[in-house]
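Here the structure is laid out as structure tokens; the discussion comes afterwards.
The values are calculated or read from the model by the stated rules, or taken from the named source; none is laboratory data. Owing to the predicted nature of the structure, the values given are computational and were not obtained by experimental measurement. Here the Cβ positions follow ideal geometry from the backbone for every residue, glycine too, while neighbour counts run over all protein chains shown.
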Amino acid sequence: MFVERAVNLLHEAAYGTLATHSAILPGYPYATVVPYVPDEAHRPVVCISALAEHTKNLLADSRVSLSVLQPEATDIQTARRLTVVGEAEQFEPSQAFLAHYLRYEPGAERQLALDFMFFRLNTMRVRFIEGLGRMGWLDKADLDAVGQLSGETEATLVREVSRVVPAGVSVLGIDCYGLDYVAGAFRKRFRFPTQPLLPETILNTALNAATGLS
């Protein structure tokens, strides 16, 4: 389904272009590339410095968009891409989410001792483009209906699956649609054949897939 393919792209990409409303140039957008990590509701979360221009912009005006491109795309016109439109909300992460975030972005641990803060993008709409002539909008209701796992459930799944993956493979995260991992220096995603899976069926599917990850 359309929404499932959009969710998978959000997990496949590690970076996006964040567009905020400029505080020093009113009326003009300010765009910058940032790493992000999807949370349990598949909302992009960014961890950014209080000194950054886009952080000042967000604190003045929370309206934001994030543009994401299919990793390693060579032809932009046929590549999968999407734009999340919504409002950024500063929050204090739970221990479960902080562990989740740091699996994806381990370099952020040293930043947290400085002035970095977390913002989640509360999504209003998503524009998803799969290629020439294949595009459409997803509303908040579409996104609210996607399969979700609690942080505690995901942490348990990651521990179990990490025990059986081949050497050189690290599990980053697991959700109802797939498994994110790193093999060597490359971040990858294994999409579950049936999507979304119910929480009680994910473990067996992930364990069966884990031994073949490369």
remark   = All conditions in (1) exposed (fewer than 14 other Cβ atoms within 10 Å of the Cβ); (2) in contact with a Ser or Thr (Cβ under 9 Å, 6 or more places away or on another chain); (3) of a type in the set (S, T, Y) are true of T83 except (1)
query = Considering R120, R127, which residue is of a type outside the set (F, W, Y), modelled with pLDDT of 95 or more, closer than 30 Å to K56 by Cα and in contact with a Ser or Thr (Cβ under 7 Å, 6 or more places away or on another chain)?
reply = R127
request  = Select from the stretch 21-66 the residues that are surrounded by 20 or more Cβ atoms within 10 Å (Cβ to Cβ) and more than 28 Å from G173 (Cα to Cα) and list them in ascending order.
outcome  = N57
inquiry  = I need the full set of residues from the stretch 159-183 which are within 18 Å of the chain's Cα centre (by Cα) and either under 25 Å from M1 (Cα atoms) or surrounded by 21 or more Cβ atoms within 10 Å (Cβ to Cβ) (or both), in order please.
reply    = V171, L172, G173, I174, D175, C176, Y177, G178, L179, D180, Y181
key: Complete set of residues in the stretch 101-127 that are within 15 Å of the chain's Cα centre (by Cα) and part of a strand (DSSP E or B)   = F118, F119, R120, L121, N122, T123, V126
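Quick grid of which residues meet (1) farther than 17 Å from E105 by Cα; (2) touching a residue at least 12 places away in the same chain (Cβ under 8 Å); (3) not in a loop (DSSP other than H, G, I, E, B):
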site: L157; (1), (2), (3): yes, yes, yes
site: V164; (1), (2), (3): yes, yes, no
site: A167; (1), (2), (3): yes, no, no
site: D180; (1), (2), (3): no, yes, yes
site: K188; (1), (2), (3): no, yes, yes
site: T194; (1), (2), (3): yes, no, no
site: E200; (1), (2), (3): yes, no, yes
site: T205; (1), (2), (3): yes, yes, yes
site: N208; (1), (2), (3): yes, no, yes
task = Give me a count of the residues in the stretch 30-52 that are within 8 Å of the chain's Cα centre (by Cα), under 19 Å from E4 (Cβ atoms) and part of a loop (DSSP other than H, G, I, E, B).
result = 3
Leading residue by the ranking (surrounded by the fewest Cβ atoms within 10 Å (Cβ to Cβ)) among those in the stretch 3-20 that are of a type in the set (A, V, I, L, M, F, W, C) and closer than 19 Å to L179 by Cα = A14
